[in-house]
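What follows is a set of notes on a single structure, which appears directly below.
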Amino acid sequence: MKKSLLFVMLLSFVLGTSKATIITIKVSDFQFKPKTVNAVVGDTIQWQWKNGIHNTVSLTIPSGAPAWNAAMDSAHKKFKYILQVSGVYKYQCTFHFTVMKGTINVSPSLAAGLNSFAISDYNAEALLNWKTASSKEVSYFSVQKSDDGEHFSEIAKLKPTAANTFSTADKTPSSSKYVYYQIDMVDTKGNHQLSPIQMYVNNKVAASKLVTSLSPNPLTKPGHLMLQFNADKDGEMLVKLYSQNGNFIKQAKMNATKGINNGHFHIGEMAPGAYYIVCTLGNITEKHTVIMK
């Protein structure tokens, strides 16, 4: 009897953990990507180092969850953290805390099982598709949209069906090049489970600028320039610095992932005056002026 009970407990543990997902967050100069992720209890967050000297340090976490403080550099390329408690986890890189912050939204795993969520392009609209293992205890699905991947608002609400397969197109206009979606599944007891966040490239919007922000500009010594830039696919952005007379000074490469990116360019102890930076990603090249005070 004891052996049978032990076998049942072991089988339940295996089945419960087999659905756990490893969610990768890339760590580079100067961003956690993606900045915000959704997960369920039992999932593992894996920070993956790309470049630079950083760390990942918990800020605010749910009661009962263990805190963490892990280096992320060439000698510490991976760090894993198992999510044991539902709630909102906030973390940062203490070296670059002004720009490197992240959020992990952790839901309990509901019995209905939100098995998959994907977005495709249909007639230049985002078509959202998802499945559940069951719909018996589901009250409704809240379809939510965001322009920044952090702040979401509801655009539609769907009731469950026996087919356990769901689809809806986003008819609401958006002026953003990159649009983010998530599904909030709510059961009959009022419990919530969030889907992973998915990004959609809005082709209705004309090709946006490569570099969307340069700050601070004007610069003061030691000349740390932060860039925000767009990327339609993963790659590298090449940044070159020139004098006002067109003389090449230095260059740097910035890791780019699909969507909105942050990068850092150390101009250094340059004499006061105007300089040019030329940014190239894929077949797009832009020239911008920066001022050193």
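The values are calculated or read from the model by the stated rules, or taken from the named source; none is laboratory data. Source: prediction; values computed, not measured. Heads up, the Cβs are rebuilt from the backbone with ideal geometry, glycines too, and the neighbour counts pull from every protein chain shown.
Where strands (runs of 3 or more DSSP E) fall entirely within the stretch 116-172, none has at least 3 residues that are aromatic (F, W, Y) and over 16 Å from Q198 (Cβ atoms). Candidates D148, D121: the one that is under 22 Å from T36 (Cα atoms), loosely packed, with under 15 Cβ neighbours inside 10 Å and in contact (Cβ under 8 Å) with a residue 60 or more places away in the chain is D148. Restrict the check to the stretch 173-185 and report whether at least one residue is more than 21 Å from F117 (Cα to Cα), exposed (fewer than 12 other Cβ atoms within 10 Å of the Cβ) and outside the structural domain of E286 (by TED's automatic domain parsing). Yes, because at least one residue in the stretch 173-185 is more than 21 Å from F117 (Cα to Cα), exposed (fewer than 12 other Cβ atoms within 10 Å of the Cβ) and outside the structural domain of E286 (by TED's automatic domain parsing).
Can you find even one residue in the stretch 268-284 that is at pLDDT below 90 and not acidic (D, E)?
Kept after step one, since they are at pLDDT below 90, are these residues of the stretch 268-284: 268-270.
Keeping just the survivors that are not acidic (D, E) gives 268, 270.
The answer is yes, given that some residue of the stretch 268-284 is at pLDDT below 90 and not acidic (D, E).
Within the stretch 207-223, restricting attention to residues that are within 13 Å of I284 (Cβ to Cβ) and in a loop (DSSP other than H, G, I, E, B), the residue that is modelled with the lowest pLDDT is A207.
Applying the set (1) among the aromatic types (F, W, Y); (2) free of Cβ contacts under 8 Å to residues at least 40 places away in the same chain; (3) buried (at least 17 other Cβ atoms within 10 Å of the Cβ); (4) more than 17 Å from K35 (Cβ to Cβ) to F248 leaves exactly one unmet item: (3). In summary, T161 fulfils each of the numbered conditions (1) among the hydroxyl-bearing types (S, T, Y); (2) touching a Phe, Trp or Tyr at 6+ places or on another chain (Cβ under 8 Å); (3) farther than 20 Å from V40 by Cα with the single exception of condition (2). Take the residues in the stretch 27-79 that are in a loop (DSSP other than H, G, I, E, B) and of a type in the set (S, T, N, Q), then tell me which one is nearest to G149 (Cα to Cα). For the stretch 27-79, the residue satisfying everything is N51.
Please tell me if E154 is among the acidic types (D, E) and modelled with pLDDT under 95.
Spelling it out, it is not the case that E154 is among the acidic types (D, E) and modelled with pLDDT under 95.
Taking residues in the stretch 81-102 that are assigned by TED's automatic domain parsing to the domain that holds L59 and within 11 Å of V57 (Cβ to Cβ), and partners anywhere that are aliphatic (A, V, I, L, M) and not in a strand (DSSP E or B), the pairs with Cβ atoms closer than 7 Å and at least 6 places apart or on different chains are Q92/M100; C93/M100; F95/I53.
Among all residues of the stretch 191-202, there is none that is over 30 Å from G87 (Cα atoms), more than 19 Å from the chain's Cα centre (by Cα) and not basic (K, R).
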